[in-house]
Amino acid sequence: MLSQAQLQKNLEISNACVRKMDQAVAALNAVIETAEKDKSRSRDWVLSTVKAAREKALPAITAELKTIMTMADTSSAHQRFWENRPLLLSLQKFDEDDAKDAQIRIYHAAELASSSLPLLGLMLENARSDKNLALIYQCWRVGQGRSSEAGFVDSVDLALDGIEIPGQAISLSAIATCISNRSYAEMIWSAAGSGRSADPVRRLTVARQQEVSSRIVSPASAL
(Lines give C-alpha, C1' and ligand atoms only; values in the text may rest on other atoms or scores of the structure.)
Protein backbone atom coordinates (compact mmCIF):
# COMPACT_ATOMS: atom_id res chain seq x y z
CA MET A 1 0.00 0.00 0.00
CA LEU A 2 1.49 3.31 -1.09
CA SER A 3 1.85 5.85 1.69
CA GLN A 4 0.42 9.37 1.62
CA ALA A 5 3.92 10.71 0.90
CA GLN A 6 4.38 8.32 -2.01
CA LEU A 7 1.01 9.25 -3.51
CA GLN A 8 1.81 12.94 -3.12
CA LYS A 9 5.11 12.34 -4.92
CA ASN A 10 3.26 10.59 -7.75
CA LEU A 11 0.96 13.60 -7.99
CA GLU A 12 3.89 16.01 -8.12
CA ILE A 13 5.47 14.01 -10.95
CA SER A 14 2.15 13.82 -12.80
CA ASN A 15 1.50 17.56 -12.46
CA ALA A 16 5.03 18.40 -13.63
CA CYS A 17 4.56 16.22 -16.71
CA VAL A 18 1.24 17.87 -17.49
CA ARG A 19 2.93 21.28 -17.37
CA LYS A 20 5.67 20.05 -19.71
CA MET A 21 3.07 18.65 -22.10
CA ASP A 22 1.16 21.93 -22.10
CA GLN A 23 4.36 23.85 -22.84
CA ALA A 24 5.40 21.47 -25.62
CA VAL A 25 1.94 21.56 -27.23
CA ALA A 26 1.82 25.36 -26.97
CA ALA A 27 5.21 25.57 -28.69
CA LEU A 28 4.06 23.16 -31.40
CA ASN A 29 0.87 25.12 -31.96
CA ALA A 30 2.87 28.35 -32.27
CA VAL A 31 5.04 26.82 -35.00
CA ILE A 32 1.95 25.51 -36.81
CA GLU A 33 0.14 28.84 -36.54
CA THR A 34 3.16 30.73 -37.88
CA ALA A 35 3.49 28.36 -40.82
CA GLU A 36 -0.20 28.53 -41.70
CA LYS A 37 -0.19 32.33 -41.55
CA ASP A 38 2.75 32.59 -43.95
CA LYS A 39 0.95 33.43 -47.18
CA SER A 40 4.21 33.59 -49.09
CA ARG A 41 4.57 29.82 -48.91
CA SER A 42 2.83 27.13 -50.89
CA ARG A 43 0.29 24.83 -49.29
CA ASP A 44 2.64 21.89 -49.75
CA TRP A 45 5.36 23.74 -47.84
CA VAL A 46 2.94 24.51 -45.00
CA LEU A 47 1.84 20.88 -44.77
CA SER A 48 5.42 19.66 -44.86
CA THR A 49 6.51 22.12 -42.18
CA VAL A 50 3.59 21.22 -39.93
CA LYS A 51 4.28 17.51 -40.36
CA ALA A 52 7.95 17.97 -39.52
CA ALA A 53 7.10 20.05 -36.45
CA ARG A 54 4.73 17.38 -35.18
CA GLU A 55 7.22 14.59 -35.78
CA LYS A 56 9.85 16.55 -33.88
CA ALA A 57 7.58 17.40 -30.92
CA LEU A 58 5.61 14.16 -30.46
CA PRO A 59 8.38 11.95 -28.97
CA ALA A 60 8.84 14.33 -26.02
CA ILE A 61 5.09 14.79 -25.60
CA THR A 62 4.59 11.02 -25.74
CA ALA A 63 7.29 10.46 -23.11
CA GLU A 64 5.48 12.81 -20.71
CA LEU A 65 2.18 11.07 -21.44
CA LYS A 66 3.68 7.67 -20.59
CA THR A 67 4.93 8.96 -17.25
CA ILE A 68 1.51 10.47 -16.47
CA MET A 69 -0.16 7.16 -17.34
CA THR A 70 2.28 5.28 -15.10
CA MET A 71 1.56 7.62 -12.19
CA ALA A 72 -2.19 7.19 -12.72
CA ASP A 73 -2.00 3.40 -12.98
CA THR A 74 0.31 3.07 -9.97
CA SER A 75 -1.78 5.38 -7.80
CA SER A 76 -5.22 4.07 -8.80
CA ALA A 77 -4.13 0.53 -7.94
CA HIS A 78 -4.04 1.65 -4.29
CA GLN A 79 -7.35 3.51 -4.28
CA ARG A 80 -9.26 0.54 -2.85
CA PHE A 81 -6.92 0.46 0.15
CA TRP A 82 -7.31 4.16 0.93
CA GLU A 83 -11.10 3.91 0.56
CA ASN A 84 -11.38 1.12 3.12
CA ARG A 85 -11.88 2.55 6.62
CA PRO A 86 -11.49 -0.72 8.53
CA LEU A 87 -8.15 -1.33 6.82
CA LEU A 88 -6.90 2.18 7.59
CA LEU A 89 -8.10 1.97 11.17
CA SER A 90 -6.28 -1.34 11.61
CA LEU A 91 -3.03 0.48 10.84
CA GLN A 92 -3.50 3.01 13.65
CA LYS A 93 -1.34 2.41 16.73
CA PHE A 94 -1.80 2.76 20.47
CA ASP A 95 1.97 3.17 20.82
CA GLU A 96 4.82 3.69 18.35
CA ASP A 97 6.76 0.94 20.11
CA ASP A 98 5.62 -2.24 18.35
CA ALA A 99 5.97 -4.44 21.44
CA LYS A 100 3.93 -2.05 23.61
CA ASP A 101 1.35 -1.61 20.86
CA ALA A 102 0.90 -5.39 20.59
CA GLN A 103 0.43 -5.70 24.35
CA ILE A 104 -2.18 -2.94 24.40
CA ARG A 105 -4.05 -4.55 21.52
CA ILE A 106 -4.13 -7.91 23.31
CA TYR A 107 -5.36 -6.25 26.51
CA HIS A 108 -8.20 -4.40 24.77
CA ALA A 109 -9.20 -7.43 22.70
CA ALA A 110 -9.60 -9.52 25.87
CA GLU A 111 -11.42 -6.77 27.75
CA LEU A 112 -13.83 -6.01 24.91
CA ALA A 113 -14.56 -9.68 24.27
CA SER A 114 -15.65 -10.18 27.88
CA SER A 115 -17.62 -6.93 28.19
CA SER A 116 -21.40 -6.87 28.03
CA LEU A 117 -22.85 -5.67 24.73
CA PRO A 118 -24.16 -2.39 26.23
CA LEU A 119 -20.71 -1.69 27.66
CA LEU A 120 -19.05 -2.56 24.35
CA GLY A 121 -21.39 -0.11 22.62
CA LEU A 122 -20.54 2.64 25.11
CA MET A 123 -16.80 2.01 24.79
CA LEU A 124 -17.08 2.33 21.02
CA GLU A 125 -19.05 5.55 21.31
CA ASN A 126 -16.51 6.93 23.76
CA ALA A 127 -13.62 5.98 21.44
CA ARG A 128 -15.39 7.82 18.61
CA SER A 129 -15.85 10.88 20.82
CA ASP A 130 -12.17 10.83 21.82
CA LYS A 131 -11.08 10.17 18.23
CA ASN A 132 -9.11 7.21 19.53
CA LEU A 133 -8.75 5.50 16.16
CA ALA A 134 -6.82 2.48 17.42
CA LEU A 135 -9.48 1.76 20.04
CA ILE A 136 -12.28 2.35 17.55
CA TYR A 137 -10.81 -0.41 15.42
CA GLN A 138 -10.46 -2.79 18.37
CA CYS A 139 -14.11 -2.21 19.32
CA TRP A 140 -15.22 -2.62 15.70
CA ARG A 141 -13.18 -5.81 15.27
CA VAL A 142 -14.54 -7.42 18.44
CA GLY A 143 -18.03 -6.22 17.50
CA GLN A 144 -17.78 -7.95 14.15
CA GLY A 145 -17.11 -11.21 15.95
CA ARG A 146 -20.02 -10.72 18.36
CA SER A 147 -22.58 -9.41 15.88
CA SER A 148 -24.65 -12.60 16.03
CA GLU A 149 -25.25 -12.30 19.79
CA ALA A 150 -28.78 -11.51 20.93
CA GLY A 151 -29.35 -7.81 21.51
CA PHE A 152 -26.28 -6.75 19.53
CA VAL A 153 -28.10 -4.47 17.09
CA ASP A 154 -29.77 -2.58 19.95
CA SER A 155 -26.52 -2.15 21.88
CA VAL A 156 -23.69 -1.61 19.39
CA ASP A 157 -23.42 0.65 16.35
CA LEU A 158 -20.53 -0.52 14.16
CA ALA A 159 -20.96 2.22 11.54
CA LEU A 160 -17.68 3.94 10.71
CA ASP A 161 -19.18 6.81 8.73
CA GLY A 162 -17.79 10.25 9.48
CA ILE A 163 -14.59 9.04 11.11
CA GLU A 164 -11.66 11.13 9.88
CA ILE A 165 -8.51 9.11 9.33
CA PRO A 166 -5.20 10.96 8.89
CA GLY A 167 -4.10 11.08 5.29
CA GLN A 168 -7.18 9.45 3.78
CA ALA A 169 -8.76 12.50 2.16
CA ILE A 170 -5.45 13.87 0.88
CA SER A 171 -4.40 10.50 -0.50
CA LEU A 172 -7.72 9.95 -2.29
CA SER A 173 -7.47 13.46 -3.72
CA ALA A 174 -3.96 12.73 -5.04
CA ILE A 175 -5.18 9.52 -6.67
CA ALA A 176 -8.18 11.24 -8.26
CA THR A 177 -6.01 14.02 -9.67
CA CYS A 178 -3.51 11.55 -11.13
CA ILE A 179 -6.41 9.82 -12.88
CA SER A 180 -7.86 13.08 -14.22
CA ASN A 181 -4.38 14.15 -15.36
CA ARG A 182 -4.20 10.99 -17.45
CA SER A 183 -7.51 11.81 -19.17
CA TYR A 184 -6.36 15.35 -19.87
CA ALA A 185 -2.94 14.22 -21.15
CA GLU A 186 -4.48 11.64 -23.47
CA MET A 187 -6.77 14.31 -24.84
CA ILE A 188 -4.08 16.86 -25.65
CA TRP A 189 -1.72 14.15 -26.96
CA SER A 190 -4.41 13.01 -29.38
CA ALA A 191 -5.05 16.58 -30.49
CA ALA A 192 -1.33 17.28 -30.96
CA GLY A 193 -0.80 14.17 -33.02
CA SER A 194 -3.86 14.50 -35.23
CA GLY A 195 -3.87 18.23 -35.74
CA ARG A 196 -7.50 18.40 -34.65
CA SER A 197 -8.75 20.45 -31.76
CA ALA A 198 -9.67 18.52 -28.63
CA ASP A 199 -13.26 17.35 -28.61
CA PRO A 200 -15.19 20.07 -26.69
CA VAL A 201 -17.41 17.59 -24.84
CA ARG A 202 -14.43 15.54 -23.69
CA ARG A 203 -12.52 18.70 -22.76
CA LEU A 204 -15.45 19.82 -20.60
CA THR A 205 -15.69 16.38 -18.97
CA VAL A 206 -11.97 16.34 -18.13
CA ALA A 207 -12.13 19.91 -16.84
CA ARG A 208 -14.92 18.91 -14.48
CA GLN A 209 -12.94 15.87 -13.32
CA GLN A 210 -9.93 18.05 -12.56
CA GLU A 211 -12.08 20.61 -10.74
CA VAL A 212 -13.55 17.90 -8.51
CA SER A 213 -10.23 16.13 -7.86
CA SER A 214 -8.50 19.43 -7.05
CA ARG A 215 -10.65 19.61 -3.93
CA ILE A 216 -10.09 17.41 -0.92
CA VAL A 217 -12.01 14.22 -1.64
CA SER A 218 -14.35 13.05 1.13
CA PRO A 219 -13.34 9.62 2.42
CA ALA A 220 -15.43 6.82 1.00
CA SER A 221 -17.74 4.82 3.24
CA ALA A 222 -16.37 1.80 5.01
CA LEU A 223 -16.38 -1.30 2.87
Restricting to region 121-165, what's the tally of residues that are within 17 Å of TRP82 (Cα to Cα), in contact (Cβ under 8 Å) with a residue 12 or more places away in the chain and part of a loop (DSSP other than H, G, I, E, B)? 5
Considering only region 166-199, state which residues are assigned to a loop (DSSP other than H, G, I, E, B) and surrounded by 14 or more Cβ atoms within 10 Å (Cβ to Cβ). GLY167, ALA198
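Return a yes/no flag: does region 13-32 have any residue that is touching a Cys at 6+ places or on another chain (Cβ under 6 Å), assigned to a helix (DSSP H, G or I), surrounded by 13 or more Cβ atoms within 10 Å (Cβ to Cβ) and at pLDDT 90 or above. Before you say what the answer is, go through the steps one by one.
Of all residues in region 13-32, those touching a Cys at 6+ places or on another chain (Cβ under 6 Å) come to 14.
Next, only the ones that are assigned to a helix (DSSP H, G or I) stay: 14.
The next check asks that each one be surrounded by 13 or more Cβ atoms within 10 Å (Cβ to Cβ); those that pass are 14.
Next, only the ones that are at pLDDT 90 or above stay: 14.
Yes, some residue in region 13-32 is touching a Cys at 6+ places or on another chain (Cβ under 6 Å), assigned to a helix (DSSP H, G or I), surrounded by 13 or more Cβ atoms within 10 Å (Cβ to Cβ) and at pLDDT 90 or above.
Give LYS9, LYS37 a once-over and let me know the one that is free of Cβ contacts under 8 Å to residues at least 12 places away in the same chain and under 21 Å from the mean Cα position of the chain (by Cα).
It is LYS9.
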Restricting attention to helices (runs of 4 or more DSSP H) lying wholly within region 40-114, give those where 3 or more residues are at pLDDT 95 or above, open to solvent by 50 Å² or more (accessible area, probe 1.4 Å) and under 30 Å from ALA24 (Cβ atoms). 43-76
For region 117-129, does any single residue satisfy the condition of being within 30 Å of ILE13 (Cβ to Cβ) and among the hydrophobic types (A, V, I, L, M, F, W, C)? no
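The values are calculated or read from the model by the stated rules, or taken from the named source; none is laboratory data. Just so you know, these numbers come straight off a predicted model, no measurement behind them. Positions of Cβ are backbone-derived with ideal geometry, glycine not excepted, and every protein chain shown enters the neighbour counts. These area figures cover heavy atoms from the full protein model, side chains too; ligands, DNA and RNA do not enter into them. Shrake-Rupley method; radii C 1.70, N 1.55, O 1.52, S 1.80 Å.
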